[in-house]
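A short worksheet on the structure shown next.
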Amino acid sequence: MTSLVFFYLASVIILGGGLTVILSSNIIYAALGLMASLIGVAGIFILSFAPFLALVQILIYGGAIVIVIIFALMLTKLEDFRTLSDHKHWPIALIASLVTLGTIIAAAFYTPTNLVSRRGVDFDKIAHELFSQWAIPFEVASLVLLIALMGGVIMVRKTNSRDDK
């Protein structure tokens with residue numbers, strides 16, 4: 001019974017964060033809504049006996065992705081935001097969103113449930129795989145992100161120095 005309560009609580013957090021992302025006119029509030037939604041998804045992972053996925057969800061998506069979004073906002077000129085207006089293709093986006101929602105709801109209703117016993121994952125096995133087979137790809141990805149961040153800072157610095165002259 002408590003699992004059901006936590007599931008509904010996580011669902012409310014996910015939906016509330018998603019609505020904040022969609023309806024907020026302030027981009028910072030939208031990023032915070034995205035973080036709340038991603039933390040709610042981590043709660044669903046915890047309820048599904050997947051604590052590693054919950055940790056990855058919070059660290060990578062909840063932390064790193066939202067910070068990258070805020071960094072991108074900080075590096076963007078204020079004039080770029082002033083020229084934004086409502087997009088003319090919003091009816092197409094609405095139809096695509098409703099079709100996607102209908103597909104998800106149909107899949108939820110027509111997919112048979114699997115009632116097997118749930119159990120956790122062996123962390124020793126995951127740690128061995130991560131640090132033996134996937135260590136180098138993670139390091140390469142972190143270097144690529146670091147170089148992209150440095151490139152963004154250099155581009156903004158060059159742009160600002162040209163604007164001053």
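Read the figures in this text as sums done on the coordinates, not as results from a lab. Keep in mind that this is a model prediction, so the values were computed, not measured. Positions of Cβ are backbone-derived with ideal geometry, glycine not excepted, and every protein chain shown enters the neighbour counts.
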Ranked by Cβ crowding within 10 angstrom, fewest neighbours first, how are M155, M1 ordered?
-> M1, M155
For I27 paired with L15, estimate the spin-label separation in nm (one decimal), with each label point 7 Å from Cα along the Cα-to-Cβ line.
-> 3.0 nm
Could you give the nm distance between label points at L73 and I105, where each point is 7 Å from its Cα heading toward the beta carbon?
-> 3.1 nm
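At a threshold of 8 angstrom on Cα-Cα distance, excluding pairs fewer than six apart, so keeping six or more, what relative contact order does the stretch 1-78 reach in percent?
On the way: 76 pairs, mean separation 21.5, N = 78.
With pairs under 8 Å counted, the relative contact order is 28 percent.
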